[in-house]
Amino acid sequence: MKRPDVPVLLQVSVVHLVSHIHIMAIPALLPLLPEALGVSYVELGAAISMFNIVSALVQAPLGFAVDRLGPRKVLFLGLAVGSGSYLLLSLVPSFSCLIVAMALAGAANGAYHPADYAILSRSIHDSHMGRAFSMHSFAGFAGSAITPIIMVTLASWYSIPSALAATGLFGIAAFCTLAVSAAEKQALKTPERLLEGREKRASGLSVITTQVILLTVFFVLLSLSTTSIERFSVSALIQGYAVELVQANTALTAFLFCSAVGVLSGGFLADRTRRHGYVAASAFGTAAALMVVVTIFRLPPVALVTLFALVGLLTGVIVPSRDMLVRAASPKGSEGRVFGIVTTGFNIGGAVGPVMFGLFLDHYLPSMVFWSTVIFMLLTVILTWIQEKKAKR
């Protein structure tokens, strides 16, 4: 039995880790930026929305570019532009430059998912695909988990521009790692199993099916469900629940690290079941119930961190199953464009969510940040349950 190509998986995972550092860098500094830049939470939410709007606009076209030009070139482009955006912001730390940098970083972010998933789908054996997706996603979650610690530490010890410069340097390091890899070129040759079906590959917009559209909505809801926690929970806990910054960051870190652990566990589950929709619905339903507890009660630090950790674990478990659903909807050789279209849902949710959650905080409604999480999680449960029932029929 063919084993996974570990070098390719490792390289793609490193790139995915860096991409999540780039995604989380500004949200991690969110409690410090209003005073540093003299802006409101709504303005910061607008900057984060700019990132997601641009990413949403370019992600599907970049998915087509992946299938036509190859994922390696697209990854290089994404790393170069993303790294340059944060280095620029470190040199000119102002709100106007933040908007420009977020637009550039958003364009770069649109390259990662289509290229990464195309590489994995074309390089890893089907029997290991769930675990390969889980390792790839684990790297991304790990990047999100370590970013608040790195950003706050560097900003506290040195300065906010130093933290932003380090974000750019991470991307340059990943770029160099990819550039010097001889194994990468060999590994990304199209496997024979795809060459055999090349003439049957979907072309143009024919990949946009009802299933792909529904999966895009699914990704929008997932984004809205987790954006509130990943990017605004710390500020909401400080503002409305009398939680100190260190404790709030600890809860967020627990959520992110346990999400990463859940992703690894979910990979084994995804390789052993075909009912991926039921997995997602069950996990998100339980997570919604736990978030109700967080929203209603002012919990002691240990209980708060524990519940955030459990919610993170549950939201992480579904990630490989989520990716398997998208891969099943992708014609062979068209993985780049399908993942590019579907993961645009992340950016749509990421564009709407920050402005909405920023408005809640500016109007001193921190509990609404968490109630929104519950609502979007329940909508995700309903959608996945309906989809699974239709698939079963």
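Summary of packing: across the peptides 150-159, 80-89, 105-114, the per-residue average of other C-beta atoms within 10 Å ranks them, highest first, as 105-114, 80-89, 150-159.
Which shape class, rounded, prolate or oblate, goes with segment 38-133 when its Cα gyration tensor gives a ≥ b ≥ c as root eigenvalues, a/c under 1.5 marks rounded, and past that a/b bigger than b/c marks prolate? Prolate is the answer for segment 38-133, as a/c is 1.5 or above and a/b outweighs b/c. Nearest 0.05, what FRET efficiency do Val246 and Leu69 give at R0 = 41 Å with Cβ-Cβ as r? The pair Val246/Leu69 has a calculated efficiency of 0.35. Once both labels are positioned 7 Å from their Cα atoms along Cα-to-Cβ, the gap between Leu10 and Phe76 label points is 2.2 nm. Mind giving me the nanometre distance, one decimal, between the label points for Ser162 and Ala289, set 7 Å out from Cα along Cα→Cβ? Using points 7 Å along Cα→Cβ, the separation is 4.7 nm. Modelled spin labels at Phe95 and Ile213, positioned 7 Å past Cα toward Cβ, are 3.9 nm from each other. Between Thr153 and Ser40, full extension at 0.36 nm per residue minus the direct alpha carbon distance yields a gain of 38.4 nm. Where in segment 12-49 does the amide nitrogen come within less than 15 Å of the point 7 Å from the Cα of Val355, taken along Cα to Cβ? Residues 41-49 qualify, since their backbone N sits under 15 Å from the label point.
Every read-out reported here was derived from the displayed coordinates using simple, explicitly stated rules and does not represent laboratory data. Everything quoted here is computed from the prediction, not taken from an experiment. Here the Cβ is made from the backbone with ideal geometry for all residues, glycine too, and neighbour counts use every protein chain on show.
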